[in-house]
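Since the structure comes first, as structure tokens, the remarks are kept for the end.
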Amino acid sequence: MAPFDVTLRSLQLNVTPSSEVQSSNAGLGETTLFEKAGISPEYFADAGNKAHWDALATVLSEKLDIEVDSPRIQHYYLPVYLWIKQKLRDHSGSSSPLCVGLSAPQGCGKTTLVTAFEELFESEGLVCVSMSLDDFYLTRREQVALAEGHASNDLLQVRGNAGTHDVPLAMKLISEVKSGGGSGELRVPCYDKTAFEGKGDRHDESKWRTYDTAKVDIVLYEGWMQGFTSVEDDEGLDEIHSGIGEVNEILRGYDDMWALMDVWLVIQVKQLDCIYGWRLQAEKAMKEKFGQDKGMSDDEVKAFVDKYIPAYKAYLPQLYDSDKHVQNLGCGSKEDVFMFEVDSTRSPVG
């Protein structure tokens with residue numbers, strides 16, 4: 001097994017934009033992301049297509065409060081959204097909603113991306129249910145029991161790694177919404193990360209989100225470890241972390257959940273030090289907003305992210321291997337996985 005390479009050159013990010021510096025409307029349909037999305041320059045020669053594109057861009061500009069011609073809208077969010085829309089059209093013969101798995105590292109902009117998709121689907125009269133793997137964290141009592149049962153494994157002392165989620169609950173809810181037909185209530189749990197002095201706990205059911213299953217068109221299921229699958233050749237796992245072997249065994253129980261997804265978005269990073277930098281940025285923003293006594297120090301940020309790096313190193317190689325997507329993610333073909341890389345500015349590469 002060849003683990004994912006990580007070189008912590010520095011916890012500071014190089015924030016010089018790459019794709020952000022290009023003229024946003026120039027080159028529509030010409031970048032790698034457009035090609036992967038199946039959108040050619042000829043698409044924009046059609047007046048109807050261009051008008052639709054501009055209308056969607058306006059929605060995002062108003063909802064996200066960014067310029068309508070920004071590269072993030074024109075060269076990132078919209079191409080990916082239209083790829084999902086095409087998959088939704090391909091899925092139209094099914095009575096169940098399209099389920100999209102979104103795998104992206106911590107801090108790379110999943111929340112904003114999902115918000116963008118939610119706004120776009122709503123603007124087109126479609127009902128989108130967004131769920132996060134975080135929604136299905138164990139209750140505080142269950143997390144304490146897990147930690148006590150694996151006292152020597154520091155990867156299981158905090159929420160985040162495989163084993164800290166209520167997988168049966170997640171599968172039950174996804175299966176309910178995929179069953180389609182009829183009218184039933186889908187109740188999506190919410191997790192309170194501030195409870196127990198930041199250790200977290202599941203919200204009371206009165207705060208769960210509810211949907212009519214008969215009206216759901218699409219489900220977005222996102223998380224930093226979505227699509228991670230256990231490695232069969234676990235001989236080198238101890239070299240990554242002494243506790244990753246236990247996590248690897250637990251991860252086998254996630255396979256059936258991944259198989260419930262119809263298509264996947266996989267956002268890649270080449271260097272894991274981006275994750276440290278993104279977390280530092282988040283803490284800096286928090287301190288600027290709420291005061292210097294809030295949030296974590298640089299050393300605390302590193303210690304926090306260190307708990308997740310072993311899983312990235314163990315499981316990203318096969319997640320990023322397109323030849324293994326059908327087997328590991330349970331999708332119908334390679335074409336059901338839209339995979340692309342982002343740089344340290346969270347902008348698509350290429």
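The values are calculated or read from the model by the stated rules, or taken from the named source; none is laboratory data. As the structure is a computational prediction, the values presented were derived from the model and not from experiment. Cβ: placed from backbone, ideal geometry, glycine included. Neighbour counts: every protein chain shown.
Can you pull out the residues in the range 243-276 that are farther than 26 Å from residue 130 by Cβ, among the small types (Gly, Ala, Ser) and touching a residue at least 60 places away in the same chain (Cβ under 8 Å)?
The answer is 243, and nothing else.
Which count do you get for residues in the range 296-316 that are more than 24 Å from residue 281 (Cβ to Cβ) and either assigned to a loop (DSSP other than H, G, I, E, B) or touching a Pro at 6+ places or on another chain (Cβ under 7 Å) (or both)?
Of the residues in the range 296-316, the ones more than 24 Å from residue 281 (Cβ to Cβ) are 314-315.
Filter once more, keeping what is either assigned to a loop (DSSP other than H, G, I, E, B) or touching a Pro at 6+ places or on another chain (Cβ under 7 Å) (or both): 314.
Number of matching residues: 1.
Kindly indicate whether residue 174 is assigned to a helix (DSSP H, G or I), in contact with a Leu (Cβ under 7 Å, 6 or more places away or on another chain) and either under 20 Å from residue 84 (Cβ atoms) or touching a residue at least 60 places away in the same chain (Cβ under 8 Å) (or both).
Numbers: assigned to a helix (DSSP H, G or I): yes; in contact with a Leu (Cβ under 7 Å, 6 or more places away or on another chain): yes; either under 20 Å from residue 84 (Cβ atoms) or touching a residue at least 60 places away in the same chain (Cβ under 8 Å) (or both): yes.
Yes: the conditions hold for residue 174.
Filter the range 29-67 for residues that are among the hydroxyl-bearing types (Ser, Thr, Tyr), buried (at least 16 other Cβ atoms within 10 Å of the Cβ) and part of a loop (DSSP other than H, G, I, E, B) and give the result. It would help to see each step written out before you state the result.
Quick first cut of the range 29-67, residues among the hydroxyl-bearing types (Ser, Thr, Tyr) only: 31-32, 40, 43, 58, 61.
This time we only want the ones that are buried (at least 16 other Cβ atoms within 10 Å of the Cβ), so: 31, 43.
Answer for the range 29-67, where residues must be among the hydroxyl-bearing types (Ser, Thr, Tyr), buried (at least 16 other Cβ atoms within 10 Å of the Cβ) and part of a loop (DSSP other than H, G, I, E, B): just 31.
Take the residues in the range 68-114 that are without any contact (Cβ under 8 Å) to a residue 40 or more places away in the chain and charged (D, E, K, R); name whichever of them is surrounded by the most Cβ atoms within 10 Å (Cβ to Cβ).
Per the stated criteria, the residue is 85.
Output the qualifying pairs, or none if there are none: Cβ atoms under 8 angstrom, residues six or more apart or on different chains, first residue in the range 144-171 and within 20 Å of residue 255 (Cα to Cα) and among the aromatic types (Phe, Trp, Tyr), second residue at pLDDT below 95 and in a loop (DSSP other than H, G, I, E, B).
Every condition considered, no pair remains.
Taking the options 195, 214, 285, name whichever one is surrounded by fewer than 18 Cβ atoms within 10 Å (Cβ to Cβ) and assigned to a loop (DSSP other than H, G, I, E, B). Even if it seems obvious, please write down each step before you answer.
On the way: 214 fails: assigned to a loop (DSSP other than H, G, I, E, B); 285 fails: assigned to a loop (DSSP other than H, G, I, E, B).
195 is the lone residue from the list that is surrounded by fewer than 18 Cβ atoms within 10 Å (Cβ to Cβ) and assigned to a loop (DSSP other than H, G, I, E, B).
For the range 320-344, how many residues are in a loop (DSSP other than H, G, I, E, B), hydroxyl-bearing (Ser, Thr, Tyr) and surrounded by fewer than 19 Cβ atoms within 10 Å (Cβ to Cβ)?
Filtering the range 320-344 down to residues in a loop (DSSP other than H, G, I, E, B) leaves 320-321, 330-333, 343-344.
Now restrict to residues that are hydroxyl-bearing (Ser, Thr, Tyr): 320, 333, 344.
From the residues that got through so far, the ones that are surrounded by fewer than 19 Cβ atoms within 10 Å (Cβ to Cβ) too are 320, 333.
Total meeting the criteria: 2.
Within the range 73-149, considering only helices (runs of 4 or more DSSP H) that don't extend past its boundaries, which have at least 2 residues that are among the acidic types (Asp, Glu)? Step through it out loud before you land on a result.
Values: elements: 78-90, 110-123, 140-149.
Fully inside the range 73-149 and qualifying: 110-123, 140-149.
If only one of 193, 215, 207 is of a type in the set (Lys, Arg), at pLDDT below 90 and either more than 17 Å from residue 102 (Cβ to Cβ) or under 21 Å from the mean Cα position of the chain (by Cα) (or both), which one is it?
Details: 215 fails: at pLDDT below 90; 207 fails: at pLDDT below 90.
One residue alone meets the criteria, 193.
Taking residue 160 as the residue in question, decide whether it is closer than 30 Å to residue 120 by Cα and in contact with a helix residue (DSSP H, G or I) (Cβ under 7 Å, 6 or more places away or on another chain).
No.
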